[in-house]
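Asker: The structure follows.
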Amino acid sequence: MPAVQETVDQVRSIDVDQYKYGFFTDIESEKAPKGLSEDTVRFISAKKDEPEWMLEWRLEAFRRWQTMREPDWARVSYPPINYQDLYYYSAPKRPSQLSIDDIDPEILATYEKLGIPLRERDALLGIASGGTKVAVDAVFDSVSVATTFKEELSKAGVIFMPISEAIREHPELVKKYLGSVVPVTDNYFATLNSAVFSDGSFVYVPKGVRCPMELSTYFRINERNTGQFERTLIIADEGAYVSYLEGCTAPQRDENQLHAAVVELVALADAEIKYSTVQNWYPGDKDGKGGIFNFVTKRGDCRGDRSKISWTQVETGSAITWKYPSCILRGDNSQGEFYSIAISNGRQQVDSGTKMIHLGKNTSSRIISKGIAAGRSDNTYRGLVSAHRKATGARNFTNCDSLLIGDKCGAHTVPYIESKNSSAQFEHEATTSKISDDQLFYCRQRGLDPEEATALIVNGFVKDVLQQLPMEFAVEAQKLISVSLEGSVG
Amino acid sequence: MNAEIRPIRTPAEQGLSGELKALSRAGGPRIAALREAAAQAFHDNGLPHRRVEEWKYTDLRTLMREALPLATPAPVAQVEAHQSLLLDTGLRRIVVANGVVVPELSDLADLEPGLSILPLAQALAGGSEALARLGALQPGRYDAALALNTALATDGVVIEIAEGAQIARPVHVAHVVSGQRPAASFARSLVVVGAGAHFTYAESFEGPAGLAYQVNSATEFVVGDEAHLDVVRLQEDSASALHLSTLLFEIGRAAKVHAFSFGIGAGVARTTLYASLEGEDSQVGFNGAFLLKGRQHADATLFLDHQVPGCESRELFKTVLDDSARGVFQGKIVVRQAAQKTDGRMMSRALVLGDDAEMDNKPELEIFADDVQCGHGATCGAIDDDLLFYLRARGIPLKDAQSLLVQAFVGEAIETVEHEGLREALVERAEAWLAARG
């Protein structure tokens, strides 16, 4: 369908302005000296008041990182990153994490503008979360500025705090689990993160506890030339359940910013972790200028029998997305799930997917991935499903569909399916198509304009995934999808 | 994990480099330059290993332990002894033994009008118009098997079908390895099908059981507009042999191409197929069936390049794995921006019978055009218990029930072979394989 002039104009006007979180908060901040060296690592560690073992851990990672090479196998291309030209630590000047009233009002305002209430009474009034209670850990550049509902959570025995605090207060838990799912040497970006991570969330749900509310972290990159390296560690002890949400935004800048996070999930016997992400980093302008480079390592370990880890992600932002949330299905009868919607527009490049590694008996996994490419973007699904020799009765179903809007974008599927066990049953299907003219015609005949029609059809296309999102997020995600695709009809 | 690795040269690489020092000069400067470029590429890149994406599951650096001496022509009487294993379905047979055409055993007389068959060595020595096509198809990436073949193959078959010629009798090129000592043989063939012509080409591979020889074969197909080409391949090399073959297709407008690969032989087999769809409205079908047992390893890798609008491609690969065999399927469909209205479907199905068997599937799509219908699927699993139960409930013993189901499974792919005689020969091979399973 050729684009009419009207649409072209609309794309022009919308493409640049559609990112509504592109504002910048002007506050004083404290930074580490620019560049990366052992001193930077020591600086961050000292800032966080970390024990000696943690510093050693970081330094070892840093030394290892220096011997590594940046991976180039993903289907993304970007100018070389100068790791010496970044700030690895940036924190708002006022002391944080004391009480809500000590937080710089500017930051509070920022989060309010983003729709994230940090004042518990606001949250109770249901300002942004549709009436449900959600505990929030707000991470601003390199530090966590507020964590809400801590007390209520601790009554249930749930530990929810910034990881820097957890290192001090619960060293035994951190020592036991940190780096046990994503080893320090896992990959280039994970190793970098291990050396310089500054904050993130730590969650521990004790035996048999069902976490009384949704937990969430909201990441905001604010400062110029700053990389964000957060580290999240979630442990669900035997029979525990936790649902965790993650959201991200960044100001609109014409330089590229680096975001290299590591998320580790550990589910012990009968535990369940549900991890949902709505990623909306600044994607760059229509010519591909600026935007976040998102290199994230996320992995869950179903360590106990009958445990379950479920990843749901809605990816609409970032100039570059390099992200493969994975499940190691170690316990017998454990389950892994991955639901993903990845939308790319403009010059965005997405290379995302999952890994399901079946080690235990009767493990099962399900992958539903929906990629939507518009504009001049490239959208790749890259996934691995593997069954090891002892994974008797492993079961996987994979469905990855791609939708192309416009003829300048690309959609790619690169699945790896490796079965080493005869009783493993793997099924994989993938399709790529465009929105059919029939569907469009049907909608338009009923009075919808082409953009509404497209949004409606796309919503139907991604429905399977949206249904997996917690309610508060589903609404947000649905809105995002229509924003992200505005102006892409043609 | 991501540290820089500069591999040392393996004995096989060193041996091959030695052989690449003295290249044949036959065929004029263009061919000589091709050989030199291929030798240089091999010198620069060596054998592929698991970090080379296209060879991820077939690590040739490990699997090819040594470079065998180049095979020498075999005595006719010795080659003749193999004939019991050749296809015999009224085909015109050309025998290529140890990489060299054996005219005494080849049916080169009374060629139908429009059909021309010439040994490559003869074409290189005497010059042939078709030679201008040789080596013209390049996969656009370094391929060790093809590079070695380009540099070292000196004989094979050059077949030309004139425009509009309808050749009813298929031509069968039988690649035979003969001799007591393990050796490496290389053969290169070229098949040019003129516009509107119809042709069926078969090739088979076999050699002495138990002999650890190496075979490297490459065949280029140039298919003209509205031509119709059927290719049937039967690979039953010795279970100790290393088999590398490359197929290259250049396909014109509104052509119909169908290729079927059947593999039950070789210890390590790799078949790479490159197809470039260069004319609109063509239909291609690339199918295969592999029956593997013991410690056999078979890799089928496909690259399909849709460059123009309106083409249709279908792939169906079936792999049966017994004991601790390993099957690999990698298929990549590329749809270029211009290739609107492409319809592509790729399917790989594996049936795992052996407890230690392994299947690796990598079906890829790379799509740059929006108005397309493309899909791929991959499945892998054991025989369905319900189906087995159904048959056993009707008094069929377990083994027979399994055989029936495997036959049906493989049969779906074999059914796509158009030539009846060849299709039956393949079905027979599959039945024999199942019977031997006991």
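Asker: Can you pull out the residues in the stretch B:327-340 that are assigned to a strand (DSSP E or B) and within 7 Å of chain A (Cβ to nearest Cβ)?
Answerer: None; the set is empty.
Asker: Sticking with this one: Among what's in the stretch A:332-347 and is within 18 Å of A:VAL414 (Cα to Cα) and of a type outside the set (A, V, I, L, M, F, W, C), pick the residue that is surrounded by the most Cβ atoms within 10 Å (Cβ to Cβ). Break it down into steps so the answer makes sense when it comes.
Answerer: Here is the first cut: in the stretch A:332-347, the ones within 18 Å of A:VAL414 (Cα to Cα) are A:338-344.
Restricting the remaining residues to those that are of a type outside the set (A, V, I, L, M, F, W, C) gives A:339-340, A:344.
Details: A:TYR339: 23, A:SER340: 27, A:SER344: 30.
Here the residue is A:SER344.
Asker: Another one. For the stretch B:314-325, give me the residue count where each residue is closer than 22 Å to B:ARG429 by Cβ, more than 9 Å from chain A (Cβ to nearest Cβ) and assigned to a strand (DSSP E or B).
Answerer: Summing the residues that are closer than 22 Å to B:ARG429 by Cβ, more than 9 Å from chain A (Cβ to nearest Cβ) and assigned to a strand (DSSP E or B) in the stretch B:314-325 gives 6.
Asker: For the stretch A:210-231, what are the residues that are part of a loop (DSSP other than H, G, I, E, B) and more than 22 Å from A:LEU469 (Cα to Cα)? It would help to see each step written out before you state the result.
Answerer: Kept after step one, since they are part of a loop (DSSP other than H, G, I, E, B), are these residues of the stretch A:210-231: A:211-213, A:221-225, A:227, A:229.
Passing the criteria: A:ILE221, A:ASN222, A:GLU223, A:ARG224, A:ASN225, A:GLY227, A:PHE229.
Asker: Report whether or not B:GLY381 is at the interface with chain A (Cβ under 10 Å from one of its Cβ atoms), more than 22 Å from B:ALA430 (Cα to Cα) and without any contact (Cβ under 8 Å) to a residue 40 or more places away in the chain.
Answerer: no
Asker: Hey, any hits in the stretch B:341-358 for a residue that's among the polar types (S, T, N, Q), touching a residue at least 60 places away in the same chain (Cβ under 8 Å) and more than 7 Å from every other protein chain (Cβ to nearest Cβ)?
Answerer: Checked against the condition, which is being among the polar types (S, T, N, Q), touching a residue at least 60 places away in the same chain (Cβ under 8 Å) and more than 7 Å from every other protein chain (Cβ to nearest Cβ), the stretch B:341-358 yields no hits at all.
Asker: Checking A:ALA430 against (1) surrounded by fewer than 21 Cβ atoms within 10 Å (Cβ to Cβ); (2) within 14 Å of chain B (Cβ to nearest Cβ), which test does it fail?
Answerer: (1)
Asker: So, in the stretch B:291-310, of the ones that are in a strand (DSSP E or B) and out of contact with any helix residue (DSSP H, G or I) (no Cβ under 9 Å at 6 or more places or on another chain), which residue ends up surrounded by the most Cβ atoms within 10 Å (Cβ to Cβ)? Talk me through it step by step, then tell me what you get.
Answerer: Taking the stretch B:291-310 and keeping what is in a strand (DSSP E or B), we get B:291-292, B:297-306.
Still in the running and out of contact with any helix residue (DSSP H, G or I) (no Cβ under 9 Å at 6 or more places or on another chain): B:292, B:298, B:300, B:302, B:304-306.
Working: B:LEU292: 28, B:ALA298: 28, B:ALA300: 24, B:LEU302: 24, B:LEU304: 24, B:ASP305: 21, B:HIS306: 32.
Per the stated criteria, the residue is B:HIS306.
Asker: Which count do you get for residues in the stretch A:223-252 that are among the charged types (D, E, K, R) and touching a residue at least 40 places away in the same chain (Cβ under 8 Å)? If you could, list the steps in order and put the result at the bottom.
Answerer: Pass one, the stretch A:223-252, residues among the charged types (D, E, K, R): A:223-224, A:230-231, A:237-238, A:246.
Next cut, touching a residue at least 40 places away in the same chain (Cβ under 8 Å) only: A:223, A:230-231, A:238.
Residues meeting the conditions: 4.
Asker: Within the stretch B:88-127, restricting attention to residues that are in a loop (DSSP other than H, G, I, E, B) and touching a Ser or Thr at 6+ places or on another chain (Cβ under 9 Å), which residue is surrounded by the fewest Cβ atoms within 10 Å (Cβ to Cβ)? Quick ask: steps written out before the conclusion?
Answerer: Narrowing the stretch B:88-127 to residues in a loop (DSSP other than H, G, I, E, B): B:88-91, B:98-99, B:102, B:106-114, B:127.
Next cut, touching a Ser or Thr at 6+ places or on another chain (Cβ under 9 Å) only: B:91, B:98-99.
Numbers: B:LEU91: 24, B:ASN98: 26, B:GLY99: 30.
Taking the candidates together, the pick is B:LEU91.
Asker: Which ones in the stretch A:399-415 are part of a strand (DSSP E or B) and crowded, with 21+ Cβ neighbours inside 10 Å?
Answerer: Within the stretch A:399-415, the subset part of a strand (DSSP E or B) is A:399-404, A:410-415.
Scanning the stretch A:399-415 gives A:CYS400, A:ASP401, A:SER402, A:LEU403, A:LEU404, A:GLY410, A:ALA411, A:HIS412, A:THR413, A:VAL414, A:PRO415.
Asker: A follow-up question, please. How many of the residues making up the stretch A:232-243 are part of a strand (DSSP E or B) and either buried (at least 24 other Cβ atoms within 10 Å of the Cβ) or among the aliphatic types (A, V, I, L, M) (or both)?
Answerer: Going through the stretch A:232-243 one residue at a time, the tally reaches 6.
Asker: Please go through (1) more than 7 Å from chain A (Cβ to nearest Cβ); (2) closer than 27 Å to A:ALA391 by Cβ; (3) among the acidic types (Asp, Glu) for B:GLU364 and return the number of the only condition it doesn't satisfy.
Answerer: Unmet for B:GLU364, out of (1) more than 7 Å from chain A (Cβ to nearest Cβ); (2) closer than 27 Å to A:ALA391 by Cβ; (3) among the acidic types (Asp, Glu): (1).
Asker: Just need a number here: residues in the stretch A:60-78 that are free of Cβ contacts under 8 Å to residues at least 40 places away in the same chain and either in contact with a strand residue (DSSP E or B) (Cβ under 7 Å, 6 or more places away or on another chain) or among the polar types (S, T, N, Q) (or both). So that I can check it myself, show each step before the final result.
Answerer: Of the residues in the stretch A:60-78, the ones free of Cβ contacts under 8 Å to residues at least 40 places away in the same chain are A:63, A:66-67, A:72-73.
Next, only the ones that are either in contact with a strand residue (DSSP E or B) (Cβ under 7 Å, 6 or more places away or on another chain) or among the polar types (S, T, N, Q) (or both) stay: A:66-67.
Count: 2.
Asker: Right, another one. Given the residues A:GLY383, A:GLY375, A:GLY360, A:GLY371, which is the only one that is more than 7 Å from every other protein chain (Cβ to nearest Cβ), farther than 30 Å from B:ALA369 by Cβ and not basic (Lys, Arg)?
Answerer: Details: A:GLY383 fails: farther than 30 Å from B:ALA369 by Cβ; A:GLY375 fails: farther than 30 Å from B:ALA369 by Cβ; A:GLY371 fails: farther than 30 Å from B:ALA369 by Cβ.
Exactly one residue qualifies, and that residue is A:GLY360.
Yes/no matrix, rows are residues, columns are (1) modelled with pLDDT of 90 or more; (2) at negative phi:
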{"position": "B:TYR57", "(1), (2)": "yes, yes"}
{"position": "B:LEU63", "(1), (2)": "yes, yes"}
{"position": "B:LEU68", "(1), (2)": "yes, yes"}
{"position": "B:ALA74", "(1), (2)": "no, yes"}
{"position": "B:ALA81", "(1), (2)": "no, yes"}
{"position": "B:ASP88", "(1), (2)": "no, yes"}
{"position": "B:VAL95", "(1), (2)": "yes, yes"}
{"position": "B:GLY99", "(1), (2)": "yes, no"}
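Asker: With the structure loaded, tell me whether A:ASP301 is part of a strand (DSSP E or B) and of a type in the set (Asp, Glu) or whether it fails that test.
Answerer: Answer is yes for this residue.
The values are calculated or read from the model by the stated rules, or taken from the named source; none is laboratory data. Predicted, not measured: the structure shown is a model, and the values here were computed from it. Heads up, the Cβs are rebuilt from the backbone with ideal geometry, glycines too, and the neighbour counts pull from every protein chain shown.
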